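The values are calculated or read from the model by the stated rules, or taken from the named source; none is laboratory data. Every value quoted in this text rests on a predicted model; they were computed, and no experiment measured them. So basically every Cβ, Gly included, is an ideal-geometry build from the backbone, and we count neighbours across all protein chains shown.
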Amino acid sequence: MTQIDQAVEIREGEELDVAAVDRFMKQAVPGLEGEPGIRQYPGGASNLTYQVDYGNQSYVLRRPPFGKIAKSAHDMLREARVMEALKPAYPYVPNIVAICDDHSILGCDFYVMERLKGIILRQDFPQDFNLSADDTRKLCLNVIDKLVDLHTVDAKGAGLDKLGKGAGYVQRQIGGWSDRFRKARTEDVGDFEAVMAWLNDKMPEDVAQVVIHNDYRFDNVVLNPDNPFEVIGVLDWEMATIGDPLMDLGNSLAYWIEADDEGPFQMLRRQPTHRPGMLTRREVVDYYMEKSGFRADNFDFYEIYGLFRLAVIIQQIYYRFYHGQTKDKRFAAFGHAANYLEQRCQRLIRESSL
């Protein structure tokens with residue numbers, strides 16, 4: 001059996017107040033005994049995720065990053081409430097155990113959820129995760145299927161129809177992400193103005209209004225350790241909303257790096273989409289459209305949007321590092337990554353028939 005995903009030692013500067021966590025947990029979950037063991041999950045560059053253990057009982061705590069953050073970002077209360085509403089209609093959402101808006105405990109909003117014990121595929125397959133190309137393809141299709149399933153959820157039936165702002169989602173995203181980039185730009189990173197102008201000029205109408213995840217990747221999917229083809233959980237619902245499903249797919253493809261992609265793009269790879277048997281980006285789009293029924297004559301806009309949005313996310317994190325608001329050395333090269341993504345967007349724009 002492949003090793004279950006585990007938390008590791010907490011990064012410097014991101015420690016939690018163990019006594020405060022203990023008091024909160026014992027109030028939220030009657031019967032807990034002893035002192036909690038707290039470790040941190042290494043993945044993710046945004047919200048912080050910790051494993052809280054009481055003997056053989058294990059929970060996951062999610063909180064925003066330390067330091068100054070954007071006013072509307074890292075809304076833990078919203079994320080937890082979206083998960084609670086979506087759970088009955090989409091069973092892959094972890095159960096929420098407790099929600100906290102009392103800043104006297106950890107200095108921020110946070111929530112606690114069940115820990116799904118399973119395999120999470122990060123940058124590479126685990127050493128003992130031996131899948132043939134055919135089996136890798138089967139796994140890949142199963143993961144894409146769960147995105148299709150999400151996009152067919154009855155939002156109104158789940159009580160989530162008011163989560164979004166209605167028609168005009170594509171337009172709001174281009175305007176919103178452009179504004180965020182301009183506010184987060186540092187002097188060592190390009191201005192993306194040509195990319196933003198192209199996206200603004202080529203915006204299509206919304207294809208549909210459905211529940212979207214907005215960060216759907218392999219490392220946000222939990223696999224059954226006894227049957228790694230089976231998805232048992234989908235994590236990280238911070239950016240979930242009602243919006244355009246093809247924009248959601250474009251976001252996912254920004255992380256979908258193939259074995260023959262150029263070196264700088266390979267350096268950004270965070271999931272094992274380079275493995276033999278994985279679908280190409282083009283195959284992902286074709287398969288998704290066939291299964292979902294959603295259509296676009298040309299996917300270039302959505303692909304370039306996804307890359308631009310990823311660049312903004314990277315730049316927002318880099319801004320915090322650049323200004324000394326975080327000391328996490330993982331973020332030191334994020335400015336170079338943003339510059340590369342600008343070049344990639346510009347090349348795709350030149351090659352596009354739109």
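General observations
- Being at pLDDT 95 or above, assigned by TED's automatic domain parsing to the domain that holds LEU150, in contact with a helix residue (DSSP H, G or I) (Cβ under 6 Å, 6 or more places away or on another chain) and at positive phi is a property that holds for PHE192.
- Residue match in region 260-278 (condition: surrounded by 16 or more Cβ atoms within 10 Å (Cβ to Cβ), in a helix (DSSP H, G or I), in contact with a helix residue (DSSP H, G or I) (Cβ under 7 Å, 6 or more places away or on another chain) and modelled with pLDDT of 95 or more): no
- Test for PHE299: is it surrounded by fewer than 16 Cβ atoms within 10 Å (Cβ to Cβ) and modelled with pLDDT of 95 or more: no
- Test: residue in region 225-233 that is surrounded by fewer than 16 Cβ atoms within 10 Å (Cβ to Cβ), assigned to a strand (DSSP E or B) and free of Cβ contacts under 8 Å to residues at least 12 places away in the same chain: yes
Residues checked against (1) within 26 Å of TYR90 (Cβ to Cβ); (2) of a type outside the set (S, T, N, Q); (3) not in a loop (DSSP other than H, G, I, E, B):
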{"site": "GLY166", "(1), (2), (3)": "yes, yes, no"}
{"site": "LYS183", "(1), (2), (3)": "no, yes, yes"}
{"site": "GLY190", "(1), (2), (3)": "no, yes, no"}
{"site": "VAL195", "(1), (2), (3)": "no, yes, yes"}
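- Total residues in region 207-251 satisfying the condition of being of a type in the set (D, E, K, R) and more than 23 Å from ASP134 (Cα to Cα): the figure is 5.
- Residue count for region 283-296, restricted to those that are assigned to a helix (DSSP H, G or I), touching a residue at least 24 places away in the same chain (Cβ under 8 Å) and either surrounded by fewer than 17 Cβ atoms within 10 Å (Cβ to Cβ) or among the basic types (Lys, Arg) (or both): 2
- Any hit, region 318-335, residues being among the aliphatic types (A, V, I, L, M) and under 13 Å from PHE181 (Cα atoms): no
- Complete set of residues in region 306-343 that are in contact (Cβ under 8 Å) with a residue 40 or more places away in the chain, in a loop (DSSP other than H, G, I, E, B) and closer than 19 Å to PRO264 by Cα: none
- Check on ASP179, surrounded by fewer than 17 Cβ atoms within 10 Å (Cβ to Cβ), part of a helix (DSSP H, G or I) and in the same structural domain as ALA338 (by TED's automatic domain parsing): yes
- Counted residues, region 15-41 - those being touching a strand residue (DSSP E or B) at 6+ places or on another chain (Cβ under 7 Å) and free of Cβ contacts under 8 Å to residues at least 60 places away in the same chain: 10
- Any strands (runs of 3 or more DSSP E) falling wholly within region 21-132 and containing at least 2 residues that are out of contact with any Asp or Glu (no Cβ under 8 Å at 6 or more places or on another chain) and surrounded by fewer than 17 Cβ atoms within 10 Å (Cβ to Cβ): 57-63
- Region 150-161: number of residues that are out of contact with any Leu (no Cβ under 8 Å at 6 or more places or on another chain), touching a residue at least 24 places away in the same chain (Cβ under 8 Å) and part of a loop (DSSP other than H, G, I, E, B): 5
- Inside region 197-219, residues that are in a helix (DSSP H, G or I) and touching a residue at least 40 places away in the same chain (Cβ under 8 Å) make up a count of 4.
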